[in-house]
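Here is the structure we will look at, set down as structure tokens.
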Amino acid sequence: MGKFVDKYANLWINNMLLGEYRHNLDSKNRLTIPAKLRMELGEKPILTRGLDNCLFIYPRRDWELFVEKLSQLPLSQKTARNFSRFMLSGASEAEIDEMGRILVPDFLRKYGRFEKTIVVVGVQNRVEIWAEKEWGKYMTEIEKSSGDIAENLSGFGI
């Protein structure tokens, strides 16, 4: 049993998206995705609106799992319909060019409040793309309450 668990634990660690990087959005709304993250995202990842005014990029395998979960939400619940629309209507394949850049469509750039400097963050099974100002505000708020957050998650074994 130990070898089975170790094998899949290593697979999970190898496919985990981690780290924080700063890049500039160029004049054509292209953003460089760091090489380590590109490798884990694979070919044709999915770019969509995220939560908290950031964007999400999912590797295709994780996007498909996410969409499967969305499809199981009850159509009769307005919140479920709204969340599905929010996540799916802004989604598209992110074509990564030979320079490692993706094009950020105007409506997603506006949603993310992007200016020049962008923060690209690996968060387990997705990449988040943040406007530098928004990321700074978010992190300042979270850093102040990190102890409370950890305490509230203690029931989950964190």
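We did not get these values from a lab; they are worked out from the coordinates using the rules stated. Computed from a predicted model, the values in this text were never measured in an experiment. A quick note on method: Cβ atoms are made from the backbone with ideal geometry, for glycine too, and the neighbour counts reach across all protein chains shown.
Quick notes on this one:
- Relative packing of 87-93, 129-135, which averages over residues the other C-beta atoms within 10 Å, highest first: 129-135, 87-93
- The stretch 16-156, dipole about Cα centre (Lys/Arg Cβ +1, Asp/Glu Cβ -1), debye to the nearest 20: 420
- Kirkwood Rh, Cα atoms: Rg over Rh of the chain: 0.99
- Summed over qualifying helices (DSSP H, 4 residues or more, each -39500 (n - 2.57)) and divided by its residue number, the chain shows a 222 nm mean residue ellipticity of -13000 deg cm²/dmol.
- The value given for the stretch 50-109 is a Kirkwood hydrodynamic radius of 13.1 Å, derived from the mean inverse Cα-Cα separation.
- Here the label points at M16 and A80, each 7 Å from Cα along the C-beta direction, are separated by 3.2 nm in the simple model.
- Members of K36/K144; K110/K133; K44/K69; K28/K116; K110/K137; K36/K137 lying beyond 23 Å, as alpha-carbon distances in this model show: K36/K144; K36/K137
- Shape of the stretch 73-158, Cα gyration tensor, a/c cut at 1.5: oblate
- Of the complete DSSP H runs in the chain, none spans 15 angstrom or more by Cα along the long axis with a mean Kyte-Doolittle score not below 0.0.
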